[in-house]
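To keep things clear, I will list the structure first and then write my remarks on it.
The values are calculated or read from the model by the stated rules, or taken from the named source; none is laboratory data. Computed from a prediction, not measured in an experiment: that's the story for all the values here. Cβ: placed from backbone, ideal geometry, glycine included. Neighbour counts: every protein chain shown. When the accessible area is computed, the model is the full protein with side chains, heavy atoms only, and any ligands, DNA or RNA have been set aside. Shrake-Rupley method; radii C 1.70, N 1.55, O 1.52, S 1.80 Å.
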Amino acid sequence: MSAPDTREPLVRARNVHKAFESLEVLKGIDLDVMPGEVVVILGPSGSGKSTFLRCINHLEAIGRGSIMVGGEQIGYRMKDGRLVRLSANAIARQRRRIGMVFQQFNLYPHMTVLQNIIEAPVGVHGESRASAVENAKRLLARVGLSEKIDSYPRQLSGGQQQRVAIARALAIRPDLMLFDEPTSALDPELVGEVLNTMRDLARQGLTMIVVTHEIGFAREAADRVVFMDDGVIVEQGTPDAVLGNPQHPRTKAFLARFL
Amino acid sequence: MSTQQAIDASPSGDASVRDVVNAHTPFRYDRLILWVALGALLANFGWIVANNENFEWPVVGRYFFDPTVMQGLYVSLGLTVVAMVLGIALGLVLAVARMSTDRLASTLSAWFIWFFRGTPLLVQLIFWYNLSTLFPVLSISIPFGPTLASWDTNSVITPMTAAIAGLALNEAAYMAEIIRGGLLSVDRGQSETAEAFGMTRARALWRVIIPQAMRSIVPPTGNQLISMIKATSLVSVIAMADLLYSVQSIYNRTFEIIPMLMVAVIWYLLITSILNVGQGYIERYYSRGDRRTGKDGPAEKPTNTTMAEEATH
């Protein structure tokens, strides 16, 4: 156990519920993520872990509870002692410091790699084109794809596309990075290059919430592992504790399949 | 095992013969015969038409660049451009409104499309032209309140404005559905990504969704443009001097009906041919992210590197 952390959490989720029609996906999630912390969320398919991630930047609206990021409640604000829904543009503003990497990469196919990366910095954050291009080149070098700067996404392999997607998310200088199963759509031999990039980011102190099935990545890179099942957090702790010595039968059953 | 050896043994000997680079495409005699037969038929038909005195080709030639015809051509082209630009702009607004989660916007848009697609264009044109009989005065006012400004309908609705209003509003209804189809064809993940990166909806639409939707919007829009050129001939009923109206005004005087119609037909065909070429260029532009290899053109032929690898076996 490290010394008690007195800082404010970057992400604070309280009693988060979410239902699609009558299907309850999240049944009361409480989670704090500290600045610089790398949290890996594990769990079987359908456990609600991707949905929870998408609630953090309000791609999905939650049904009950609250989510705060950097001291702001996502999607809402207090006005005269009452909670008011924000407009779409105000929510867009709240998302500006949250980077996201998707399972299907979701690069813009009609733009080159460079255009993909500078789109948000120039168009949303008002950065000058020259400085955005400069930054994009630096980020591409960091993910090892400098020579692909003028390629279109369809000319790249899945692993390369995902590394570009990571560079694109980093280009907005995020306070928080969300990874939604970033390696699930990749061929097995391409998973390593993406995980290596993510490991580098974790080491550099970026706050990351990663939903994944990669137990190995959780063990090496996570500060904390959260195990979700059936819409609730079943167990959480250090990788050694949760992966090495799981307490809950559902965690044990899930991990047994990876041994 | 022996067959296995035979297969293994053969490539080293006839590797260059087996190399598909050296493959020949057999000559298709049946296709050649069809081409020749069809060519002969077409040439014969062309010959018959060209030598048919009833077409009066010298008259066609004489009136082809006649000032009246040219004036009509300008009107047709101008109307097409203006109505199409207005139609696309309004169609885009309608399509976005139709897809919006705002019930008011989507309902209004649906009603507009229902009305202007559901009534014949010819009837719409005549209504616009005769608007003054329904509403002698056009005014801007607060509903049930004071009037802020008003105009005499006859001074506002000329044949030109009636034609533009009729064509553009009708076109907008069709373009709305074409654009909506294009927007729907773009992967949901794209707008989600734009959203996650903090783009406003307007920016996401403009920078991410529309450029990708263009691939499925352009071909039917080309269709619309071509049918718009021909639809402008309808405005001859409200006394707009378009291409068809101007050739009619000539043959009403000279009774050279067929040759004058041929003048119009050839002009219409010329314009649509030019538009077809333009459409090809636009389509190629919007599919630029779709090519797997270099900047343009199809995949390159197998180069020396692949040959060299083969040779090292």
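Just give me a number: lysine pairs in the protein assembly as shown, eight or more positions apart or cross-chain, with C-alpha atoms less than 21 Å apart. It would help to have the intermediate numbers written out before the result.
Details: A:K18/A:K27; A:K18/A:K49; A:K27/A:K49; A:K49/A:K252; A:K137/A:K148; A:K137/B:K295; A:K148/B:K295.
Final tally of qualifying lysine pairs is 7.
To the nearest 10 degrees, how steeply does helix B:67-99 sit against the main Cα axis of chain B, on a 0 to 90 scale?
Value to nearest ten degrees: 80.
Nearest 10 degrees is fine. How inclined is helix B:159-185 to the longest principal axis of chain B, computing both from alpha carbons?
That helix lies at roughly 40 degrees to the long axis.
DSSP H helices in chain A with Cα extent of 24 Å or more along the helix axis and mean Kyte-Doolittle hydropathy at least -1.0? The partial results should precede the final answer.
Numbers: long enough: none.
Once both thresholds are applied, nothing remains.
Return the calculated 222 nm mean residue ellipticity for chain B, to the nearest 500 deg cm²/dmol, obtained by summing -39500 (n - 2.57) across DSSP H runs with n ≥ 4 and dividing by the residue count. List each step's numbers first, then the result.
Working: 15 runs with 225 residues, N = 313.
One gets -23500 deg cm²/dmol as the mean residue ellipticity at 222 nm.
With all protein chains present and a 1.4 Å probe, how do A:R82, A:R95 order by accessible area, largest first?
Numbers: A:R82 175, A:R95 10 Å².
My answer, sorted largest first, is A:R82, A:R95.
Given the protein assembly as shown, what percent of its DSSP beta bridges are antiparallel, to the nearest 5? Walk me through the numbers before you get to the answer.
Working: 29 of 46 bridges.
Counting DSSP beta bridges with both partners in the protein assembly as shown, the antiparallel share is about 65 percent.
Calculated FRET efficiency, B:A50 and B:F127, Cβ-Cβ r, R0 30 Å, to nearest 0.05? Don't skip to the end; give the middle numbers.
On the way: r = 44 Å, r/R0 = 1.46.
The pair B:A50/B:F127 has a calculated efficiency of 0.10.
With r defined as the distance between the Cβ atoms of B:A89 and B:W35 and R0 fixed at 56 Å, what FRET efficiency is calculated, to the nearest 0.05?
Efficiency at R0 = 56 Å is approximately 0.80.
Run lengths n ≥ 4 of DSSP H only: what is the helix-derived mean residue ellipticity at 222 nm for chain A, with -39500 (n - 2.57) per run over all residues, to the nearest 500?
Working: 8 runs with 84 residues, N = 259.
About -9500 deg cm²/dmol.
Place a point 7 Å from the Cα of B:S249 along the Cα-to-Cβ direction; which residues of segment B:144-165 have their backbone N under 15 Å from it?
Of the residues in segment B:144-165, B:159-160 have backbone N under 15 Å from the label point off B:S249.
Give me the number: length gained by fully extending B:L134 to B:N154, i.e. 0.36 nm times residue separation minus the C-alpha to C-alpha distance, one decimal in nm.
6.1 nm
Among A:F179, A:F20, A:F105, which one shows the highest mean-square fluctuation when chain A is modelled as a Gaussian network with alpha-carbon springs under 10 Å?
Most flexible of the set in this elastic network: A:F20.
Please report, to two decimal places, log10 I(q)/I(0) for segment B:85-143 at q = 0.15, 0.17, 0.22 Å⁻¹ as given by the Debye formula with identical point scatterers on the Cα atoms and no solvent.
The Cα Debye sum returns log10 ratios of -0.65, -0.80, -1.01.
At a probe radius of 1.4 Å, what is the per-residue accessible area of B:V36, in Å² to the nearest 10?
90 Å²
Using Cα atoms only, what is the angle between the long axis of helix B:243-254 and the major principal axis of chain B, expressed in degrees (0 to 90) to the nearest 10?
Once rounded, the angle reads 70 degrees.
Can you give the alpha-carbon Rg of chain B over 2.2 N^0.38 Å, where N counts its residues?
Values: Rg = 29.2 Å, N = 313, 2.2 N^0.38 = 19.5 Å.
The value comes to 1.49.
Keeping all protein chains in place and using 1.4 angstrom, which order do B:T161, A:T112 fall into by accessible surface area, from largest down? Numbers along the way, then the final one.
On the way: B:T161 55, A:T112 20 Å².
Solvent-accessible surface, decreasing: B:T161, A:T112.
To one decimal place, what orientation-averaged projected area in nm² is obtained for the convex hull of the Cα set of the protein assembly as shown?
Details: hull surface 175.7 nm².
So the mean shadow area of the Cα hull is 43.9 nm².
For segment B:14-127, compute Rg over Rh where Rg is the Cα radius of gyration and Rh is the Kirkwood radius from the inverse mean 1/r over Cα pairs. Show your work: numbers first, answer last.
Numbers: Rg = 27.7 Å, Rh = 21.4 Å.
Result: Rg/Rh = 1.30.
Quote to one decimal, in nm, the extra length available between B:S287 and B:K230 on full extension: 0.36 nm per residue of separation minus the C-alpha distance between them. Working shown, then result.
On the way: separation 57, 0.36 × 57 = 20.52 nm, distance 2.86 nm.
That pair, B:S287 and B:K230, stretches by 17.7 nm at full extension.
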